[in-house]
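The values are calculated or read from the model by the stated rules, or taken from the named source; none is laboratory data. Because the structure is predicted, anything quoted here is derived from the model rather than measured. Using ideal geometry, Cβ is built from the backbone for each residue, glycine included, and neighbour counts are taken over all protein chains shown.
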Amino acid sequence: MDLKPTAEQQAFRDRLRTWLRQNLPREWTSRVVSGPDVPRSEAYLFLREWQRKLYEAGFLGLTWPKEYGGRGLTFMEELILHEEMALAKAPPILNLLGIGMAGPTIIAYGTEAQKKRYPSKILSCEEIWCQGYSEPNAGSDLASLQTRAVQDGDHFVVNGQKVWTSVAQAADWMMLLARTDPDAEKHKGITYFLLDMHSPGITVRPLRQITGDAEFNEVFFENVRVPAENILGGLNNGWQVGITTLMYERLALGFGLQVRLRIALDALVELAKRTKRNGGTATQDPIVRQKLAQLWIDTEVFKYTGARAVTKLLKGELPGPEASTGKIWWCETHQRLQDLAMEILGPYHQLVRGSDWAVEQGIWQHTFLRSRANSVEGGTTEIQRNIIGERVLGLPKG
Amino acid sequence: MDFGFSEEQEMLRATARKFLENECPSTFVRRMLDDPTGTTPELWQKLAEQGWLGLVYPEGYGGAGLGFVDLTVLMEEMGRVVLPGPYFSTVLLGGLVILEAGSEAQKKEWLPRISSGQARATLAWTEPNARWDAEGITVSGKPAPGGTVLSGTKLFVQDAHTADALVVAARTADGRRADDGVSLFLVPRTARGIEVKLLPTMDQTRKLCEVMLNEAVVGPEALVGEWDKGWSPLARVIDRATVALCAEMCGGAQKVLEMTTEYAKIRVAFGKPIGSYQGVKHKLADMLVDVENAKSITYYAAWAVDEGAAEAPLAVAMAKAYVSDAYRKVAAAGIQLHGGIGFTWEHDMHLYFKRAKGSEFTFGDATYHRERVAQLIQL
């Protein structure tokens, strides 16, 4: 057991940190991260350019094979990347779904032609990806999806609707799950398609969220034609393709989340130190102290549970039970952090951007509202508990 | 980075599990509830033969020279079977203080005998004021002809009634700071002026005592470490013992999770195994989250203590805060999900629940340690 990095890993971290210091566009970073003031199209152009620079400097696709545009490194470098990006408060990766999901899935299941065609364009941000999984009646119960793809010669014709589709408005490609055999069992008649978002028959309609932003969309398909060669991993095999790589990817991302959680917590501690309460500061209030200390502990716990899971991956073992707990733990901790921020702000928590009295331009209100999605997106907390119960503890299905 | 156990450590785990399941089934634990010593000479000797009594002591003192990460493995296994007896008090309290602060003569006299099972020791630290900080130490140590006179009462002292030696923390000066003016004394339990009373407790697997020091006179050779400077080594020992306790608690919580999961698979209600109901499944999933997180923060604390890292006190405080809450919640859920049977004396669940509750408050509960965290991160 040793939590210290090796000399090579430390060298990678130092190189990355230096590069970030020299290349981070400070002014843009704060504007893009704090959101709504930046016109959407302008932000996308900026983020696209930022990702391309990261790629060209050799910091993306770290675990992907070299022959498909990657760097052939390990999860350790991947998590160092996420840590350093978060510590530097670097802008997020625009093509997150491409890098986190589409790329690894194509590398795992793709034909040689597909593996040559897509991954490097994902890394360089030439092609942005979105994820066409959820539907109005198939969110957590994904296998109930109804979007259909019917074969017509060497094409499939897609009809139906997706929803909660993040970045669809900017995406060039979609990971599409569609039903190709309506008579098969729920999980068995689904196929995974690589869908060109510029195809005729696709309509994208933005959905305004609780925060007032429109991050995600409804997507409608009307006789959209996909070439059969764009099937990934075989006809009617989409369920397996769609879920296999999720757990691995979540692990590496978890480290970034941990650091961003810690950054939010540091900011909250600063806020509490500045906030007057009952003649002292909020940090002198014993109950606030207890809550802040617990958040500190829970944030650290998240890091070390992740470290255990990554250790297993690095040793070539399958991740154990510790790998499945991260999602629940992260969103539970993050939501509690945001709740405490509102408590510390007291009546000021009502004031949002636009009020001269709003604390820190209303950024906490935005993140507070956004955090409510954490326990819904990427598999609800209830589904995560079912997964732990059934797949890790081996309990019978309901 | 490698945040896993080595092959040797996994072997230690396998050996320990087999040994403890054989030697310490719950029938044995139940027998020991009513046995005032909490162990048998035979088992104690076997623990010595396994090399476990001196596991973390240097080889020069009859130990195995292993570290706290190794010890973590062993403690988890002991927690799984709720091992009764004075292992903790002897090895991790009395013995560890001698190792940390004792003179060469004291180490040579006691550590080999502790390692071989011939002697037992404990630490008389806490008092009726139930505090865990230096200010809590009020038993007085006054210089007198021939040595020091110790007066006052120690409470919640583990296994004092069977210990050969007690290390007593006493106030020898009222310094400007509470941690300045504490001295440690190594006292034979049978010395004149010392009276030990076994206390009836909720968790009868861990025996607690009241120790009365009625003007007990100890000679100059009894001083452990420096006069007035005993708090600092004592605090280091308590931190280490706390990590070991956390590991023991993790093992117990893991075992409760396993027992409850197995029960949920076979117990049928309304025509289905109860584990298929989400109300039960989700509770078990939450137990697993707590158990895994408890292990992670405990392993980190063990590593930090082993490394002598500057962040070790923070790591220990975080671990004890987290694990105290986690084991209590997991053990309570274990009773709940077992239903009526979980509330009976016949079922083993109460052994774990009581151990969880006792351990929760030993060396400070979660609230105490969260405040420690708050101070260490400079809130």
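Residues checked against (1) of a type in the set (A, V, I, L, M, F, W, C); (2) touching a residue at least 12 places away in the same chain (Cβ under 8 Å):
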{"residue": "A:163", "(1), (2)": "yes, yes"}
{"residue": "A:169", "(1), (2)": "no, yes"}
{"residue": "A:181", "(1), (2)": "no, yes"}
{"residue": "A:185", "(1), (2)": "no, no"}
{"residue": "A:198", "(1), (2)": "no, yes"}
{"residue": "A:209", "(1), (2)": "no, yes"}
{"residue": "A:227", "(1), (2)": "no, yes"}
Can residue B:52 be described as in a helix (DSSP H, G or I) and either under 20 Å from residue B:161 (Cβ atoms) or modelled with pLDDT of 95 or more (or both)?
no
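Going through the range B:310-338 one residue at a time, which ones are small (Gly, Ala, Ser) and more than 9 Å from chain A (Cβ to nearest Cβ)?
Result: B:310, B:312, B:324, B:326, B:331, B:332, B:333, B:334.
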Picked from the range B:1-16 (must be within 18 Å of residue B:52 (Cβ to Cβ), of a type in the set (A, V, I, L, M) and without any contact (Cβ under 8 Å) to a residue 40 or more places away in the chain), the residue farthest from the other protein chains (Cβ to nearest Cβ) is B:14
State the number of residues belonging to the range A:295-315 that are more than 8 Å from every other protein chain (Cβ to nearest Cβ) and out of contact with any helix residue (DSSP H, G or I) (no Cβ under 7 Å at 6 or more places or on another chain).
0
Would you mind finding the one in B:329, B:354, B:320, B:281 that is of a type outside the set (S, T, N, Q), within 17 Å of residue A:392 (Cβ to Cβ) and outside any loop (DSSP other than H, G, I, E, B)?
B:281
Lone qualifier among A:178, A:252, A:214, A:171 - being over 30 Å from residue B:379 (Cα atoms), in contact with a strand residue (DSSP E or B) (Cβ under 8 Å, 6 or more places away or on another chain) and modelled with pLDDT under 90
A:214
Among the residues of the range A:363-398 satisfying the criterion of being polar (S, T, N, Q) and within 14 Å of chain B (Cβ to nearest Cβ), which is nearest to residue B:257 (Cα to Cα)?
A:386
Return the pairs, sorted by first residue and then second, in which the second residue is in a helix (DSSP H, G or I) and hydroxyl-bearing (Ser, Thr, Tyr), the first residue lies in the range B:285-305 and is farther than 13 Å from residue B:257 by Cα and within 7 Å of chain A (Cβ to nearest Cβ), the beta carbons are less than 6 Å apart, and the residues are 6+ apart or on different chains.
B:293/A:305; B:296/A:304; B:296/A:305; B:297/A:304; B:297/B:322; B:300/A:304
Tell me which strands (runs of 3 or more DSSP E) are completely within the range B:134-220 and hold 1 or more residues being modelled with pLDDT under 95, or say none if there are none.
B:140-144, B:147-158
Residue check, residue B:66 within 20 Å of the chain's Cα centre (by Cα) and in a helix (DSSP H, G or I):
no
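Mind counting the residues in the range B:257-278 that are part of a helix (DSSP H, G or I) and either facing chain A (nearest Cβ under 7 Å) or closer than 13 Å to residue A:395 by Cβ (or both)? Break it down into steps so the answer makes sense when it comes.
If we filter the range B:257-278 for residues that are part of a helix (DSSP H, G or I), which is where we start, we get B:257-266, B:274-276, B:278.
From what is left, the residues that are either facing chain A (nearest Cβ under 7 Å) or closer than 13 Å to residue A:395 by Cβ (or both) are B:257-258, B:260-266, B:274-276, B:278.
Number of matching residues: 13.
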Are any of the residues in the range A:49-69 surrounded by 17 or more Cβ atoms within 10 Å (Cβ to Cβ), at pLDDT 90 or above and of a type in the set (S, T, N, Q)?
yes
When you go through (1) more than 17 Å from the chain's Cα centre (by Cα); (2) closer than 17 Å to residue B:252 by Cα one by one for residue B:83, which number turns out not to apply?
(1)
Return the residues of the range A:313-339 that are buried (at least 18 other Cβ atoms within 10 Å of the Cβ) and under 17 Å from residue A:5 (Cα atoms); say none if nothing qualifies.
A:313
Kindly indicate whether residue B:36 is in contact (Cβ under 8 Å) with a residue 60 or more places away in the chain and not aromatic (Phe, Trp, Tyr).
yes
Of B:74, B:92, B:111, B:96, the only residue that is buried (at least 23 other Cβ atoms within 10 Å of the Cβ), assigned to a helix (DSSP H, G or I), in contact with a Pro (Cβ under 9 Å, 6 or more places away or on another chain) and in contact (Cβ under 8 Å) with a residue 40 or more places away in the chain is B:111
Count - residues of the range B:254-278 that are among the β-branched types (Val, Ile, Thr) and surrounded by fewer than 13 Cβ atoms within 10 Å (Cβ to Cβ)
2
Selection within the range A:318-362 - within 14 Å of chain B (Cβ to nearest Cβ) and either in a loop (DSSP other than H, G, I, E, B) or without any contact (Cβ under 8 Å) to a residue 12 or more places away in the chain (or both)
A:318, A:319, A:320, A:325
So which helices (runs of 4 or more DSSP H) are wholly in the range A:206-317 and hold at least 1 residues that are among the charged types (D, E, K, R) and touching a Phe, Trp or Tyr at 6+ places or on another chain (Cβ under 6 Å)?
A:286-314
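Rundown of residues vs (1) touching a helix residue (DSSP H, G or I) at 6+ places or on another chain (Cβ under 7 Å); (2) more than 30 Å from residue B:271 (Cβ to Cβ), yes/no style:
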site: A:340; (1), (2): yes, yes
site: A:369; (1), (2): no, yes
site: A:380; (1), (2): no, no
site: A:398; (1), (2): yes, no
Go through the range B:357-379 residue by residue and tally those that are assigned to a helix (DSSP H, G or I) and more than 12 Å from every other protein chain (Cβ to nearest Cβ).
5
For the range B:17-29, indicate whether the set of residues that are assigned to a helix (DSSP H, G or I) and either under 23 Å from residue B:302 (Cα atoms) or within 14 Å of chain A (Cβ to nearest Cβ) (or both) is non-empty.
yes
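Residues are listed down the side, and each one gets a yes or a no for (1) surrounded by 22 or more Cβ atoms within 10 Å (Cβ to Cβ); (2) in contact with a Cys (Cβ under 7 Å, 6 or more places away or on another chain); (3) touching a residue at least 40 places away in the same chain (Cβ under 8 Å); (4) over 20 Å from residue B:189 (Cβ atoms):
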{"residue": "B:31", "(1), (2), (3), (4)": "no, no, no, yes"}
{"residue": "B:46", "(1), (2), (3), (4)": "no, no, no, yes"}
{"residue": "B:67", "(1), (2), (3), (4)": "no, no, yes, yes"}
{"residue": "B:79", "(1), (2), (3), (4)": "yes, yes, yes, yes"}
{"residue": "B:84", "(1), (2), (3), (4)": "yes, no, yes, no"}
{"residue": "B:106", "(1), (2), (3), (4)": "no, no, yes, no"}
Considering the range B:142-167, residues that are within 17 Å of the chain's Cα centre (by Cα) and of a type in the set (Val, Ile, Thr), and then whichever is surrounded by the most Cβ atoms within 10 Å (Cβ to Cβ), we arrive at B:167
Find the residue count for the range A:156-186, including only residues that are more than 26 Å from the chain's Cα centre (by Cα) and in a helix (DSSP H, G or I).
0
